[in-house]
1. With 10 Å bins from zero, work out the P(r) of the chain over every alpha carbon pair and list the percent per bin.
2. May I ask what percent, to the nearest 5, of DSSP beta bridges between residues of the range 9-253 are antiparallel?
3. When the chain is treated as a GNM, springs tying every alpha-carbon pair under 10 Å, which of G190, G268, G207 comes out with the largest mean-square fluctuation?
4. Mind checking the alpha-carbon convex hull of the range 40-165 and giving the volume per residue in Å³?
5. What is the percent carbon and sulfur in the accessible area of the range 125-257, measuring with a 1.4 Å probe over the protein chains and ignoring ligands?
6. For the range 213-271, what log10 I(q)/I(0) values come out of the Debye formula at q = 0.23, 0.30 1/Å, with one point per alpha carbon and no solvent?
7. Just P191, P63, P114 to compare: in a GNM of the chain, with alpha carbon springs under 10 Å, which one fluctuates most?
8. Nearest 20 debye, what's the magnitude of the dipole of the chain about its Cα centre given +1 on Lys and Arg Cβ and -1 on Asp and Glu Cβ?
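The values are calculated or read from the model by the stated rules, or taken from the named source; none is laboratory data. Everything numeric in this text was worked out from a predicted model, so none of it was measured. Here the Cβ is made from the backbone with ideal geometry for all residues, glycine too, and neighbour counts use every protein chain on show. SASA here: full protein model, heavy atoms, side chains in, ligands and nucleic acids out. Shrake-Rupley method; radii C 1.70, N 1.55, O 1.52, S 1.80 Å.
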Amino acid sequence: MYNIHSPAVTMTIAGSEATGGAGAQADLRTFQELGTYGTAALTCIVAYNPQDNWNHRLTRIAPEVLEQQLEAIQANFAGQLDTVKLGMMGSVETIDVVANALQSQEWKNVVLDPVLICKGQEPGEAQDTDQALKSKLLPLATVTTPNHFEAEQLSGMTITNLAELKDAARKIHDDSGVAVLAKGGIRLSGPEAVDVFYDGSNLQVLGVPKIGNHAVSGAGCSLAAAVAAELSKGRTALEAAERAKDFVTAGINQRIAAETPYDIMWQGGLRRKPQQVVSPE
Ligand code: PXL
């Protein structure tokens, strides 16, 4: 006897980060933790270099190999897959393949984490990739989650305080039509890590007390993946943003230490703590 289980199906199109802190590995753990069935199409492979200050060594996946992964996932879950999260792209060719896949079927939720600093890329090439992301992927997204730097780049504005973060979120939305969750995180001064959600009608400030003053690995990837997971379960964009922020805050609170200069967020932060075993008197 068996039962057919039908969790929401979610897909990430992202890079592999072998140590598991960021990228597709963090996305898949987030999908699982939030009760969705996660699939992943890899765009590139990042291997940090412990001999060189943990710098990124970046290998791109050939565009036709990305195409094959997308074909397999989309065919296998035809009619079930309506939510995708986009992470690190790594090249203009990759962005073209992803834009084609997005246009090949209907999607309810396209969450774009606009990873603009693709460490390991030559500066000129990185600029082309950023430009392609803005012109080809942003218009196909339903929600985007820029961090402080990315919000500055996408809006063309300087962001030093909450009022400017709000203005940038408005500008990115007005230019693109996409709901924006702009992350101030620890970058803005003050006691709170503040993010701004704006979807054209609703402007909401999401703040929680800062947990230390150092960024942790995986927070950005996991936030966008959590937004995607919550949307795939039928939540509104604002609800998804609020839940994703709780998920990441709990994960930062229970961070994992490693040899890299930054800690790693733990996707199990919202789990109920194991019951204390009480020994019989
Ligand atoms: O945090 C951005 C990011 C996204 N995707 C991959 C990464 C990183 C940062 O290291 O390696 C694959």
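1. Spelled out per bin, shortest first, that is 7, 30, 37, 20, 5, 1, 0.
2. Numbers: 19 of 40 bridges.
So the antiparallel bridges in the range 9-253 amount to around 50 percent.
3. Judging by the Gaussian network model, the answer is G190.
4. Details: hull volume 16.0 nm³, N = 126.
Dividing the Cα hull volume of the range 40-165 by its residue count gives 127 Å³.
5. On the way: 2640 of 5620 Å².
So the carbon and sulfur contribution to the accessible surface is 47 percent.
6. Values returned for q = 0.23, 0.30 Å⁻¹ are -0.83, -1.16.
7. Its mean-square fluctuation being the largest, the pick is P191.
8. Details: 22 positive and 32 negative charges, 153 e Å.
The dipole of the chain has a size of about 740 debye.
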